[in-house]
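Computed from the coordinates by the stated procedures, all read-outs in this text should not be read as laboratory data. Remember, predicted model here, so these are calculated numbers, not experimental data. For neighbour counting, all protein chains shown are included, and Cβ atoms are generated from backbone atoms with ideal geometry for every residue, glycine included.
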Amino acid sequence: MSGLERFGIKTMGKYFGTDGFRGEAGVVLTAEHAFKIGRFLGWYYGKEKKARIVIGKDTRRSSYMLESALAAGITSSGADAYLLHVTTTPSVSFITRSELFDCGVMISASHNPFHDNGIKLMNGDGEKMDDALQNQIEQYIDGEFDGVDFANGDKIGCRIDYYDGREKYIGYLMSLAEVPFNGRNIALDCSNGSAWMIGPEVFKSLGANISVISNQPDGVNINTNCGSTHIEQLQEYVKANNLECGFAFDGDADRCLAVDDKGNVVNGDVIMYICGKWLKSKNKLANNTVVTTVMSNFGLYKAFDREGIDYEKTAVGDKYVYENMRANGHMLGGEQSGHVIFKEFARTGDGVLTAIMLLSVMVDTGRSLSDLASEVTMYPQVLKNVIVDDKDATLEDDAVKKAVEDATLALGDNGRVLLRKSGTEPLLRVMAEAGTDEECEKHVDAIIDAMKVSGHLIKIK
């Protein structure tokens with residue numbers, strides 16, 4: 001592990017980061033980019049056969065533009081483009097692997113505002129595409145790689161509507177519920193995004209009494225004051241209607257956060273604890289291990305220690321959680337943000353599946369969500385973002401490293417500190433978890449002071 005990776009940092013390409021090619025649609029991510037990505041994929045997978053590539057999209061207005069450009073690029077290289085239309089990221093992953101497509105593409109910027117968009121690429125197993133191939137695509141986009149020919153005549157590919165794929169995914173999710181949800185009173189916040197049809201259909205078919213909010217997408221209201229990044233609306237709704245719980249998805253429904261019967265948020269860390277403990281009780285927690293990122297709360301690890309559940313920590317990003325799970329045979333992992341992966345059933349975070357699993361635990365144990373969640377005490381956390389002159393040099397600065405070591409020694413088994421480079425912004429993130437907010441603040445400020453004394457600090461954002 002490199003010096004940077006121990007801080008939860010992974011290097012990224014020019015266009016593709018930890019979760020695809022993402023940026024403002026029409027500015028950072030254009031139709032031309034989408035066309036070139038489609039052309040490369042159609043050519044790459046079609047060298048020895050006619051390739052089949054499946055595409056899904058979320059509800060952003062720009063998703064339709066990018067879908068058309070991708071499909072045009074794919075078919076121009078001689079491959080067939082199968083369109084799932086509005087669907088979730090995990091459904092694209094499932095259909096790619098179960099229906100033997102060469103690769104899958106999801107058009108979404110996940111939890112970002114509507115004016116952003118993204119292109120997520122998956123291999124034939126429904127896993128996030130490896131960096132080496134994405135690097136080749138970047139070279140092609142920048143004109144550093146040639147040799148991708150246009151198809152002609154009857155070699156030109158077809159564009160095929162594939163609504164059946166979405167229905168197959170819905171059927172698959174329904175088959176995973178081990179107990180009926182008859183009479184359970186729940187709410188769904190679909191974030192005006194990909195889950196707006198799939199989520200309600202799944203839970204209604206499983207017998208739950210559902211109330212649905214944020215399920216009227218208009219192309220520009222995705223994630224706007226709703227969903228997993230703005231969960232306050234769901235909290236109020238659950239309390240006002242005396243519901244058992246609520247589930248909030250993000251724009252492409254690969255995340256899920258929950259709200260308990262008292263209106264409290266149940267984040268991804270707590271969800272992993274509840275499901276991990278339940279799976280262990282049924283001898284289904286492979287290797288007795290849950291995979292987290294370095295950003296999971298210290299309270300989660302305390303709860304795991306108490307229950308005798310082992311854990312591993314990866315760099316930030318569900319991609320790295322999954323890589324660890326695949327390499328080591330672990331079956332449960334995720335992030336505090338609500339990306340939770342049940343590897344036996346999925347190759348990526350799946351918000352609707354996570355909701356099914358969490359509700360299954362409630363039904364099977366006969367316990368309320370607030371009761372289940374009460375077993376985890378989340379530690380206070382202070383996180384500050386700082387702009388520095390050179391992120392890498394700051395991380396390797398002796399004074400900064402000593403400040404981190406001093407804080408770690410002072411906290412001992414009662415907290416932790418973390419200094420890492422943002423994967424999406426030009427920032428360093430300084431975080432501390434301890435018994436009180438004041439103690440967290442003290443250690444975070446000491447690390448930032450070390451940056452100031454060393455001459456690296458520009459400002460605290």
- Going highest first, how would you order 318-324, 248-254 by mean Cβ packing within 10 Å? 248-254, 318-324
- Helix runs (DSSP H) in the chain reaching 18 Å along axis by Cα, Kyte-Doolittle at least -0.5: 31-45, 61-76, 268-281, 351-365, 398-411, 437-453
- Item | Residues Ser337, Ser205, Ser360, sorted so that the one with the fewest Cβ neighbours within 10 Å comes first | Ser205, Ser360, Ser337
- Whole-percent tail of the Cα-Cα distance distribution for the stretch 176-373, cut at 29 Å, equals 17 percent
- Query: Using a cut-off of 19 Å between alpha-carbon atoms, which lysines can reach Lys284, once sequence neighbours fewer than 8 places away in the same chain are excluded?
  - Reply: Lys343
- Rounded to the nearest 0.05, what FRET efficiency do Glu405 and Asp131 give with R0 = 30 Å and r taken as the Cβ-Cβ distance? Could you check? 0.45
- Quick one: of the DSSP bridges fully inside the chain, what percent are antiparallel, nearest 5? 55 percent
- Query: Sequence-distant or interchain residues sharing an amide H contact under 5 Å with Leu188, placed H: which?
  - Reply: Ser211, Val212, Ile213, Phe247
- What is the order of Met357, Met197, fewest Cβ neighbours within 10 Å to most? Met197, Met357
- Is it possible to state the helix-based mean residue ellipticity at 222 nm for the chain, with each DSSP H run of 4+ residues giving -39500 (n - 2.57), the sum divided by total residues, to the nearest 500 deg cm²/dmol? What is it? -12000 deg cm²/dmol
- Neighbour-count ranking for Ile119, Ile448, Ile107, Ile458 (other C-beta within 10 angstrom, fewest to most) reads Ile458, Ile448, Ile119, Ile107
- Task: Please report how far the C-alpha centroid of the stretch 309-383 lies from that of the stretch 100-131, rounded to the nearest whole angstrom.
- Result: 21 Å
- Treat each spin label as a single point 7 Å out from the Cα along the C-beta direction, and report the Arg326 to Asn385 distance in nm. 3.0 nm
- Message: Quick check: residue separation of Glu32 and Arg61 times 0.36 nm, minus the Cα distance between them. What number comes out in nm?
- Response: 8.8 nm
- Query: Debye sum, Cα scatterers, the chain, no solvent: what log₁₀ I/I(0) at q = 0.11 1/Å?
  - Reply: -0.90
- Item | Net charge of Cβ neighbours under 11 Å - reference His456; Lys, Arg +1; Asp, Glu -1 | -3
